[in-house]
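Here is the structure we will look at.
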């Protein structure tokens, strides 16, 4: 697969011949390492978690099914808005899922729309 990226357009990479759109690799790696660091620390405030989730959601919008891994993160954000707290096991599990799904976030622009809803 030859990737001829048109890089630098709002953090998105477009592969012209293949017709795919995905977050720039640098952007994915930044989030990957941020999620790794959060998993290593094991503690975050709701505000910090909200930022990480926001970055993930902005990337995952091109593959909306990848948003299904978020549930406990939102409960943690509401439960610990300002204070730093130990992440729940369910939040840590969702972080691992987010990290593992990052390489799969890509959309083929050649796919047509469904005739059925």
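Read-outs throughout are calculated quantities, based only on the coordinates presented, and are distinct from any laboratory measurement. The structure displayed is predicted, hence computed values, not measured ones. Note that each Cβ is placed from the backbone with ideal geometry, even for glycine, and that neighbours are counted across all protein chains shown.
Brief remarks follow.
- FRET efficiency estimate (nearest 0.05) - Cβ-Cβ, residue 40 to residue 111, R0 41 angstrom: 0.65
- A crude spin-label estimate for the pair residue 71 and residue 57, with each label 7 Å from Cα along the Cβ direction, gives 1.7 nm.
- Spatial extent of the chain: Rg and Dmax, with the Cα atoms as the point set, Å: 16.0, 48
- Among 11, 46, 19, residue whose mean-square fluctuation peaks in a GNM of the chain (springs only between Cα atoms under 10 Å): 19
- For segment 22-117, the relative contact order works out to 40 percent when only alpha carbon pairs closer than 8 Å and six or more residues apart are counted.
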